Amino acid sequence: MKLCVLGGAGFRTPFVHQALLRDTGSPRVDEVALHDVDAGRLDGMVRILREMSRGFPDAPRITAATQLEPALEGSDFVFAAVRIGGLVGRCRDERVALDLGVLGQETTGPGGIAYALRTVPFALGVAEQVRRLAPDAYFLNFTNPAGIITEAMQSVLGDRVLGICDTPSGMGRRIAAQLGLDHRRVQVDYVGLNHLGWVRRLVHEGTDVLPRLLADDAALDVLEEGLVFGRDWLRTLGVVPNEYLHYYYANREAVRSARNARETRGEFLLRTQGAFWEELARTTEGAADLWRATVSARSASYMAEAKGGEQGEPAHIGQPELDPAQQGYAGVALAVMAAVSRDERATMILNVRNRGTVAGLPDDAVVEVPTTVDANGVHPLTTDAPDLHQLGLMQQVKAVERHAIAAAVHGDRTEALRAFALHPLVDSVTVARDLLDGYVQRIPEVAAVFER
């Protein structure tokens, strides 16, 4: 089978490759086609993957292309983790918002809207190419904001587009570990949108064990979500929120922390990843080890501001992942591929078309819910209705997402203004206008959306 990776020079690619190397099933991926517009970084990524492949005689063949067509053609699966505007664009996503006193973050709030505006047109163009060159392929979307991009692409490719985020699955694994349970034997009742959801129950042998976690001070004090939200708030809610809900539940504190920090997350990544690529260009061996060291430092400060730290400083985190290469988004993606190609039926939390799963949201809206995948496709599981707080927040953010898609598709500034002004983290229409103007002025790829 052929796997095409769009954004192939991105830092996530080696995680996917490691998962493929450990896959012993049949059929399996025997060709990985990397696509990226940066030829130099693409060559560097090929070096990293080939070093990782040593000792694996059946490692997939690696090809690389800066042109989209040869990479896509004949693919059975397509992964996409692209960043239109690069890390410079991400830094501006953050700074335009922070300069106006509102949240500057990659996916949540105004930064996510700006990111979506410039990414949706690209994603729709890719979807058309996939329909032409690889019509039977499943498209596994990692590109943020994942819910918006997945929903836009489904207008072309339908249910063959799935959005993947490792955060909900990771929550279930970490909660199970704190309770001393095998995560493979628990069912996670999760409902939400991408980067906006809640674990409501964790069922083990027919019993909801989440109350055990919420009653356990020691467990909550080391669980990542306990560190982010505090055990009192988790007990008040009676559920465990996705860590990105920190930006809603502690918005003032999050904005203040980001404005006071020496650098934003985007600026940290721009600095450290720039240094990585420069050092990689000077090396002839040890490319994979250099990547591992860089990605370890990157992961250590993930959401540092929500955990009492700063970018560039290791955050106090809870239970670590036992094997990120297998259990993160790469593991979820591999499970999807195995389910589809080998009929190895599996249930995981994915971004999929609602189809009545979540009452109160349109059938064609993308939601993040437990989903069974097999050779016949994707089947979101029936779930209890969200409570009023959860549904209200989901409805408002979903409305914002749809205005953002409409703005990107039609180049419509009015739709873009609606997206910014209606977001619950933007509390002023005047600020919304300033956000739109600021992103148009400072990010060429956003300006291009409204110049067509």
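Some values worked out for this structure:
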read-out: Residue in region 210-233 that is part of a helix (DSSP H, G or I) and of a type in the set (Val, Ile, Thr) present; value: yes
read-out: Some residue of region 388-411 being buried (at least 21 other Cβ atoms within 10 Å of the Cβ), within 26 Å of Glu253 (Cα to Cα) and touching an Asp or Glu at 6+ places or on another chain (Cβ under 8 Å); value: yes
read-out: Qualifying position, being crowded, with 22+ Cβ neighbours inside 10 Å and either hydroxyl-bearing (Ser, Thr, Tyr) or assigned to a loop (DSSP other than H, G, I, E, B) (or both), among Gly104, Gly112, Gly74; value: Gly104
read-out: Single residue of Ile113, Ile148 found to be touching a Ser or Thr at 6+ places or on another chain (Cβ under 9 Å), at negative phi and not assigned by TED's automatic domain parsing to the domain that holds Val186; value: Ile148
read-out: Within region 37-50, tally of residues that are in contact with a strand residue (DSSP E or B) (Cβ under 9 Å, 6 or more places away or on another chain) and surrounded by fewer than 24 Cβ atoms within 10 Å (Cβ to Cβ); value: 5
read-out: Residue that is nearest to Arg298 (Cα to Cα), among those in region 15-32 that are part of a loop (DSSP other than H, G, I, E, B) and out of contact with any strand residue (DSSP E or B) (no Cβ under 6 Å at 6 or more places or on another chain); value: Arg22
read-out: Flag for Cys4 being closer than 30 Å to Val397 by Cβ and either assigned to a helix (DSSP H, G or I) or of a type outside the set (S, T, N, Q) (or both); value: no
read-out: Residue list for region 136-157, filter: more than 14 Å from Glu401 (Cβ to Cβ) and either of a type in the set (A, V, I, L, M) or free of Cβ contacts under 8 Å to residues at least 24 places away in the same chain (or both); value: Ala137, Leu140, Val156, Leu157
read-out: Condition met for Leu133 (crowded, with 24+ Cβ neighbours inside 10 Å, in contact with a Leu (Cβ under 9 Å, 6 or more places away or on another chain), touching a residue at least 12 places away in the same chain (Cβ under 8 Å) and not acidic (Asp, Glu)); value: no
read-out: Hey, Arg452 among the basic types (Lys, Arg) and part of a helix (DSSP H, G or I) or not; value: no
read-out: Conditions (1) under 22 Å from Val397 (Cα atoms); (2) buried (at least 23 other Cβ atoms within 10 Å of the Cβ): number failed by Leu223; value: (1)
read-out: Residue that is farthest from Ile405 (Cα to Cα) [pool: residues in region 420-452 that are under 25 Å from the mean Cα position of the chain (by Cα) and among the aromatic types (Phe, Trp, Tyr)]; value: Tyr439
read-out: Filter result for the condition that a residue is part of a strand (DSSP E or B) and modelled with pLDDT of 95 or more, over Pro370, Pro424, Pro386, Pro362; value: Pro370
read-out: Residue in region 162-174 that is of a type outside the set (S, T, N, Q), in contact with a helix residue (DSSP H, G or I) (Cβ under 8 Å, 6 or more places away or on another chain), within 23 Å of Pro362 (Cα to Cα) and not in a loop (DSSP other than H, G, I, E, B) present; value: yes
read-out: Flag if Ser155 is at pLDDT below 95 and either within 25 Å of Leu361 (Cβ to Cβ) or aliphatic (A, V, I, L, M) (or both); value: no
read-out: Test: Val295 is under 23 Å from Glu368 (Cβ atoms), of a type in the set (Val, Ile, Thr) and not assigned by TED's automatic domain parsing to the domain that holds Phe142; value: no
read-out: Region 242-273 - residue that is crowded, with 18+ Cβ neighbours inside 10 Å and acidic (Asp, Glu) and, of those, farthest from Glu224 (Cα to Cα); value: Glu267
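The values are calculated or read from the model by the stated rules, or taken from the named source; none is laboratory data. Because the structure is a prediction, the values reported are computed rather than measured. All Cβ positions, even for glycine, are placed from backbone atoms using ideal geometry, and neighbour counts span all protein chains on display.
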